[in-house]
Amino acid sequence: MEPIKVLTKNVDKPNSAAIDTYIAGGGYESLKKALKSTPDEIVQLVKDSEMRGRGGAGFPTGMKWGFLPKDSPMPRYLLCNADESEPGTFKDRVIIEKDPHLLIEGMIISAYAIKSCPMSYIYIRGEFYKGAMILVKALEEARAKGFLGKNILGSGFDLDITVHRGAGAYICGEEMGLIESIEGHRGQPRVKPPFPAVVGVFGSPTIVNNVETLSCVPLIVEHGAEWFKSFGQPKNTGPKLYCVSGHVKKPGVYEFPMGVNLKELIYEHCGGITDDLPLKAVIPGGGSAPMLTPDEIDLPMNFDALMKAGTMFGSAGIIVMNSSTCIVDATWRMSKFFAHESCGQCTPCREGTNWMETILDRIERGGGRPQDADLLFDMTDNIGGKSLCALGDAACGPVASAVKKFRDEFMYHIEHKSCLPGTKRYRRLDMPVGAH
Amino acid sequence: MAHLQPDSPYATERYADTTRSVEFKPDAKAKFDALLERYPTKEAALLPALHLAQEEFGWISPEVMVYLGTLLEIEPAKVFGVVSFYNMYNQKPVGKHHVQVCTNLSCMIRNAYDIYDRCLEKLGLQPGETTKDGRITVTEVECLGSCGTAPVVQINNDYHENASVESIDKLLDTLK
Ligand SMILES: Cc1cc2nc3c(=O)[nH]c(=O)nc-3n(C[C@H](O)[C@H](O)[C@H](O)COP(=O)(O)O)c2cc1C
Ligand code: FES
């Protein structure tokens with residue numbers, strides 16, 4: 001399969017973030033077209049495209065929009081999720097920094113489609129300072145051209161967009177955490193239901209969509225639902241950004257139709273494995289996705305195929321590990337992340353993530369007990385599905401899969417109090433572990 | 001109540017000292033007022049107001065929490081709850097250059113811990129500490145969303161991508 005340039009068609013242009021570059025390439029024509037249709041027609045178009053959300057859960061976007069209550073007197077909100085905090089994910093940043101107007105146009109059309117109130121927010125992770133500044137500038141340009149503000153292009157539709165910076169918390173990528181964070185609170189997710197579409201930010205019906213999802217909307221309006229479906233497989237449609245990192249020769253963001261073969265992506269497009277070592281494990285959908293072994297990667301990268309393979313497509317953040325990686329150490333690092341990022345609200349996740357980190361660390365340090373592998377596996381069963389939000393499940397993905405698929409290596413580590421020969425730990429055990 | 005020095009490990013537990021109250025300068029106050037226009041509630045302006053305050057005052061002291069709480073009509077305890085929840089709000093002063101090394105998986109397997117260890121050893125610091133001259137603070141951080149160019153080190157607002165022990169070593173020397 002050949003790489004495509006659909007979502008990324010502008011990113012290599014000089015001065016790609018400027019509004020003039022965007023307009024010269026046909027930008028904001030979709031907005032003009034959309035404003036001539038009714039909001040319901042746009043919703044139908046997105047439904048027909050069968051697009052599924054690019055934020056992680058893969059929920060059909062048009063269907064989500066359709067869940068907004070028809071009779072609520074409350075204003076409706078559209079929130080763009082630019083938190084991009086799933087480890088291994090760095091695709092939204094490309095759109096934000098290189099083609100911000102694609103996102104802005106997508107937001108205006110989407111806000112029009114869902115009959116949003118006149119204010120919409122982009123929740124961008126605090127570390128993306130550069131991206132936030134680029135968005136602020138792009139929004140000013142869009143206001144100056146009349147694409148934002150009152151009575152946009154004479155349509156009677158009003159909208160402005162505010163960039164809201166997060167402050168370093170993975171959980172604010174979870175839609176309910178994000179909503180709490182916009183309201184000025186700790187980013188502790190609320191219990192669902194009610195879902196955001198019914199009661200979201202400021203007590204109002206709310207749609208949360210990912211940057212890439214919203215950026216697909218102008219393309220769908222321009223080219224139609226059938227065109228969008230011509231990329232990919234049934235129910236897994238559209239162009240898609242894939243992030244490949246770790247032990248590959250050419251890491252980066254790649255655009256393909258939905259469903260590119262994972263093996264082909266790693267070995268052909270990313271140049272294969274660093275140091276020409278054998279492949280050991282692949283995390284296919286961001287840090288929460290269960291690991292795949294080398295014999296499991298000959299599959300199309302889409303929502304359904306990865307679900308069938310017992311993992312998830314998630315954010316399409318592919319982390320590749322070669323044979324030199326100590327799997328206990330890699331699993332420890334993911335657990336450390338989840339323990340640090342647990343919002344602390346519910347017990348299974350707060351306590352469980354910390355215990356998993358502690359146990360993995362003790363195995364790595366040579367203090368593992370024979371029952372630890374089983375204990376870890378058992379713990380994932382006590383956290384997964386029992387936490388308040390999906391962070392608990394996310395934390396279990398890498399641990400359960402690693403223990404299951406690399407059990408021999410865990411047992412070796414426990415028994416010999418050292419890494420499996422040929423593998424190495426990437427940290428020094430004599431250094432203090434960061435208090436961050 | 002004993003007065004603790006700002007760099008005391010207990011600084012975050014310090015009560016606000018009313019004799020050390022803070023206030024935005026006029027231009028920062030204007031930015032703050034503009035923030036309020038963007039949200040339907042005052043409370044919602046808290047995160048951006050904290051970012052602004054950190055730019056102005058360098059860190060979020062208990063006095064800053066009380067000040068913002070007054071401006072936004074939020075209990076200072078709630079402000080503290082928010083400040084302590086998020087990683088980016090400094091609850092104690094940090095160095096002029098805040099060196100933040102990502103050690104999450106994609107960076108780790110591209111040797112990020114070597115960079116982190118080098119920073120700590122070169123400057124003689126423990127994690128999160130600041131050099132005596134107030135120049136540099138070193139912390140370990142989680143994935144910065146830049147794994148394709150791992151390892152990544154963030155210094156203040158700037159990303160240094162495809163970093164190496166050598167490149168960061170050199171960079172540290174240039175941080176004045
Ligand atoms: C722990 C956790 C972290 C998440 N982080 C992100 C994120 O960084 N960016 C994102 O777009 N979605 C993230 N999500 C998914 C959101 O909750 C939500 O499903 C998504 O933003 C919806 O957008 P979509 O329908 O366009 O995919 C996360 C979910 C969980 C449970
Ligand atoms: S792992 Fe370091 S930037 Fe993602």
Report, by residue number, each residue of region A:372-411 that is open to solvent by 60 Å² or more (accessible area, probe 1.4 Å) and without any contact (Cβ under 8 Å) to a residue 24 or more places away in the chain. A:Asp374, A:Leu375, A:Asp378, A:Asp381, A:Gly385, A:Asp408
Take the residues in region A:226-237 that are touching a Lys or Arg at 6+ places or on another chain (Cβ under 9 Å) and either within 14 Å of another protein chain (Cβ to nearest Cβ) or open to solvent by less than 10 Å² (accessible area, probe 1.4 Å) (or both); name whichever of them is nearest to ligand 2 (Cβ to nearest atom). A:Asn236
Condition test on B:Leu172, is it in a loop (DSSP other than H, G, I, E, B) and either within 13 Å of another protein chain (Cβ to nearest Cβ) or touching a residue at least 60 places away in the same chain (Cβ under 8 Å) (or both)? no
So A:Tyr112 passes all but one of these: (1) part of a loop (DSSP other than H, G, I, E, B); (2) out of contact with any Gly (no Cβ under 7 Å at 6 or more places or on another chain); (3) open to solvent by 10 Å² or more (accessible area, probe 1.4 Å). Which condition number does it fail? (1)
Residues of region A:95-117 that turn out to be farther than 16 Å from A:Asp160 by Cα and within 14 Å of ligand 1 (Cβ to nearest atom), as a count: 2
Might you check whether a residue that is within 15 Å of ligand 1 (Cβ to nearest atom) and of a type outside the set (A, V, I, L, M) occurs anywhere in region A:243-265? yes
If you go through region B:67-90 one residue at a time, do you hit one that is within 8 Å of another protein chain (Cβ to nearest Cβ), open to solvent by 10 Å² or more (accessible area, probe 1.4 Å) and in contact with a Leu (Cβ under 7 Å, 6 or more places away or on another chain)? yes
Matching entry among A:Gly310, A:Gly287 (being within 14 Å of chain B (Cβ to nearest Cβ) and of a type outside the set (Ser, Thr, Tyr)): A:Gly287
Can you find even one residue in region B:68-87 that is in a loop (DSSP other than H, G, I, E, B), within 30 Å of B:Phe32 (Cβ to Cβ), within 16 Å of ligand 1 (Cβ to nearest atom) and over 14 Å from the mean Cα position of the chain (by Cα)? no
Pick from region B:56-66 the residues that are open to solvent by less than 40 Å² (accessible area, probe 1.4 Å) and touching a helix residue (DSSP H, G or I) at 6+ places or on another chain (Cβ under 7 Å): which of them is nearest to the other protein chains (Cβ to nearest Cβ)? B:Ile60
Filter region A:171-201 down to residues that are open to solvent by 40 Å² or more (accessible area, probe 1.4 Å) and more than 11 Å from ligand 1 (Cβ to nearest atom), then give me how many there are. 9
Please specify each residue of region A:59-88 satisfying the condition of being in a loop (DSSP other than H, G, I, E, B) and either aliphatic (A, V, I, L, M) or more than 7 Å from ligand 1 (Cβ to nearest atom) (or both). A:Phe67, A:Leu68, A:Pro69, A:Lys70, A:Asp71, A:Ser72, A:Pro73, A:Met74, A:Pro75, A:Arg76, A:Pro87, A:Gly88
Filtering region B:146-176 down to residues that are buried (at least 17 other Cβ atoms within 10 Å of the Cβ) and under 18 Å from the mean Cα position of the chain (by Cα), which residue is nearest to ligand 2 (Cβ to nearest atom)? B:Val152
Given the criteria modelled with pLDDT under 95 and either farther than 27 Å from A:Val163 by Cα or more than 12 Å from every other protein chain (Cβ to nearest Cβ) (or both), does B:Tyr15 qualify? yes
Step by step: first the residues of region B:91-111, then only those that are more than 25 Å from A:Cys326 (Cα to Cα) and surrounded by fewer than 24 Cβ atoms within 10 Å (Cβ to Cβ), then the one that is nearest to ligand 2 (Cβ to nearest atom). Which residue is that? B:His98
Scanning region A:84-103 residue by residue, those more than 8 Å from every other protein chain (Cβ to nearest Cβ) and either more than 16 Å from ligand 2 (Cβ to nearest atom) or small (Gly, Ala, Ser) (or both) turn out to be A:Ile95, A:Lys98, A:Asp99, A:Pro100, A:His101, A:Leu102, A:Leu103
Suppose we keep only residues that are facing another protein chain (nearest Cβ under 10 Å) and out of contact with any helix residue (DSSP H, G or I) (no Cβ under 8 Å at 6 or more places or on another chain) within region B:117-130. Which one would you say is nearest to ligand 2 (Cβ to nearest atom)? B:Asp117
How many residues does region A:278-287 hold that are open to solvent by 10 Å² or more (accessible area, probe 1.4 Å) and either in a loop (DSSP other than H, G, I, E, B) or of a type outside the set (D, E, K, R) (or both)? 2
Would you point out which residue out of A:Asp408, A:Asp430, A:Asp374, A:Asp378 is within 14 Å of chain B (Cβ to nearest Cβ) and out of contact with any Ser or Thr (no Cβ under 8 Å at 6 or more places or on another chain)? A:Asp430
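Yes/no per residue for (1) assigned by TED's automatic domain parsing to the domain that holds A:Pro239; (2) of a type in the set (Val, Ile, Thr); (3) surrounded by fewer than 21 Cβ atoms within 10 Å (Cβ to Cβ); (4) closer than 22 Å to A:Met119 by Cα:
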| residue | (1), (2), (3), (4) |
| --- | --- |
| A:Gly25 | no, no, yes, no |
| A:Leu31 | no, no, no, yes |
| A:Ala34 | no, no, no, yes |
| A:Pro39 | no, no, yes, yes |
| A:Ser49 | no, no, no, no |
| A:Gly56 | no, no, no, no |
| A:Leu68 | no, no, yes, yes |
| A:Asp71 | no, no, yes, yes |
| A:Tyr77 | no, no, no, yes |
Just wondering, is there one or more residues in region A:243-260 that are within 30 Å of A:Ala111 (Cα to Cα), crowded, with 20+ Cβ neighbours inside 10 Å and either among the polar types (S, T, N, Q) or assigned by TED's automatic domain parsing to the domain that holds A:Gly55 (or both)? no
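Among the listed residues B:Asp133, B:Asp114, which satisfies the condition of being within 10 Å of another protein chain (Cβ to nearest Cβ) and open to solvent by 10 Å² or more (accessible area, probe 1.4 Å)?
B:Asp114
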If I filter region A:350-370 for residues that are crowded, with 19+ Cβ neighbours inside 10 Å and hydroxyl-bearing (Ser, Thr, Tyr), do I get at least one hit? yes
From the residues in region A:288-322 that are in contact (Cβ under 8 Å) with a residue 40 or more places away in the chain and β-branched (Val, Ile, Thr), which one is surrounded by the fewest Cβ atoms within 10 Å (Cβ to Cβ)? A:Thr293
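The values are calculated or read from the model by the stated rules, or taken from the named source; none is laboratory data. All of these numbers come straight from a predicted model, not from anything done at the bench. Here the Cβ is made from the backbone with ideal geometry for all residues, glycine too, and neighbour counts use every protein chain on show. Ligands, DNA and RNA are stripped out before the accessible areas are found, and what is left, the full protein with its side chains, is counted by its heavy atoms. Shrake-Rupley method; radii C 1.70, N 1.55, O 1.52, S 1.80 Å.
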